[in-house]
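Below: the structure, in structure tokens.
The values are calculated or read from the model by the stated rules, or taken from the named source; none is laboratory data. Computed from a predicted model, the values in this text were never measured in an experiment. FYI the Cβ positions are ideal-geometry reconstructions off the backbone, even for glycines, and counts take in every protein chain you see.
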Amino acid sequence: MSLIRNILKKILPSAVKQALVDLLSLMKSPLYHWRDGRRYAKYSGMIHHENDQVKLIARITMTYHGIEKGLTMPEMRPGFGMEAMNTLITLCDEYLRREYDATHCQFLHAVGVVEEYRKVHEEKGFTIAQPLLNKIVELTGKVRDVQRAEQIESGAAEYFKETSTPFDNFSGSRHSIRNFSDAEVEVESIKKAISLARNAPSSCNRQSPRAYIIQDKELIGKVLSLQNGNRGFGHLANKLVVVTAEQGVYNSIKERHSAWIDGGMFAMNLLYALHFHRIGACTLNCYFSPSAEDRVRALCGIPRSEVLVVIIALGAVPEKFRIPLSKRLSVDEIMRIR
Ligand SMILES: Cc1cc2nc3c(=O)[nH]c(=O)nc-3n(C[C@H](O)[C@H](O)[C@H](O)COP(=O)(O)O)c2cc1C
């Protein structure tokens, strides 16, 4: 086989050799994508919903996070999220029924959020419908030492007080902000943050990430109307930064995820850079259907060669606001030593 390859290498003109290599890459591409797709279908919760502890915890986390967000909205609507609360309690009951680890920090936090929902409504004098209240009392009664998941109260001065302190303090002080004041964030300040974000590493220094600043209010509204995670606060965003990554800089099929990796690393650096420049920010997903993605591309003038990574909603931070706790997994839960 290698003899034939060597002979072919010697006798074929280089253009034909390149055409053969390209053809081979084209043939390999569906195989790589098939493997990706098959693994995702098999192990994600797309088809096999909550059939193991990892997926159930993830669903519980997603659901409690929606309630945490609701509790910290600029204008919290008493009685919000009844359906989500019912779902969360059902998921937590299922978790207990399957006898998974009842000391898991995300499970305990979920129960803490359920309790916080009850307390906040009680303090506001809002009567929660009796069937839901019964379920809350029943669930919290089953779990020992429920810690109420009180959301963080902050203000502009407090929120930015660690921006020039050592990295551990700085990093711990950044949070997603879903409440913005009317004050204008200058494009120049965002440009400074984008400049700082360029310090992010990238594969072979090819620097695929691109950042589109959206400042036109009508355009912001149109883009956000296509995005599914900004209800209750998106209308307050002063500007958006759409982070994309140019696929033209990559070559091999093995690099097919690189645009999202380099783009994601850039996006994280941009979040820190915005925090450093005292700009409040919230990452928004780009989980668009093909038609919605086409609309976003057309609205923002994003070429097809770039992939959409995330949208960052940003604005000046108000005098008083609340931040979801967004409880993290413990280091022992994520670290493996081999
Ligand atoms: C890829 C990605 C997509 C996200 N999408 C949304 C979104 O659509 N809406 C939202 O309110 N928050 C969104 N977030 C923010 C997360 O909820 C937030 O980062 C997480 O809860 C941790 O909180 P923290 O940023 O305050 O540390 C997103 C974050 C990431 C990384």
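General remarks:
- Scanning the range 321-337 for residues that are aliphatic (A, V, I, L, M) and within 12 Å of the ligand (Cβ to nearest atom) gives ILE323, LEU325, LEU329.
- So GLN227, is it within 26 Å of GLU186 (Cα to Cα) and either outside the structural domain of LYS28 (by TED's automatic domain parsing) or in contact with a His (Cβ under 9 Å, 6 or more places away or on another chain) (or both): yes
- When the test is whether a residue is surrounded by fewer than 12 Cβ atoms within 10 Å (Cβ to Cβ) and more than 22 Å from CYS286 (Cα to Cα), ASN199 passes it.
- From ILE136, ILE177, residue being more than 16 Å from the ligand (Cβ to nearest atom) and modelled with pLDDT of 95 or more: ILE136
- Near pairs, Cβ below 9 angstrom, 6+ apart or cross-chain, from the range 168-197 (in a helix (DSSP H, G or I)) to any residue that is loosely packed, with under 15 Cβ neighbours inside 10 Å and β-branched (Val, Ile, Thr): SER173/THR165
- Matching residues, the range 279-317, being out of contact with any helix residue (DSSP H, G or I) (no Cβ under 6 Å at 6 or more places or on another chain), in contact (Cβ under 8 Å) with a residue 40 or more places away in the chain and away from the ligand (no atom under 16 Å from the Cβ): ARG295, CYS300, GLY301, ILE302, GLU306, ALA316
- Scope the range 236-272; condition among the charged types (D, E, K, R) and either farther than 28 Å from PHE167 by Cβ or not assigned by TED's automatic domain parsing to the domain that holds SER164 (or both); matching residues: GLU246, LYS254, GLU255, ARG256
- Per the listing PHE167, PHE160, the residue uniquely of a type in the set (Phe, Trp, Tyr), away from the ligand (no atom under 15 Å from the Cβ) and over 23 Å from GLN106 (Cα atoms) is PHE167.
- Qualifying residue in the range 245-257 (condition: within 15 Å of the ligand (Cβ to nearest atom), out of contact with any Cys (no Cβ under 6 Å at 6 or more places or on another chain) and without any contact (Cβ under 8 Å) to a residue 24 or more places away in the chain): yes
- Residue match in the range 146-154 (condition: within 16 Å of the ligand (Cβ to nearest atom), part of a helix (DSSP H, G or I), at pLDDT 95 or above and at negative phi): no
- Residue in the range 47-60 that is modelled with pLDDT under 95 and in contact with a strand residue (DSSP E or B) (Cβ under 9 Å, 6 or more places away or on another chain) present: no
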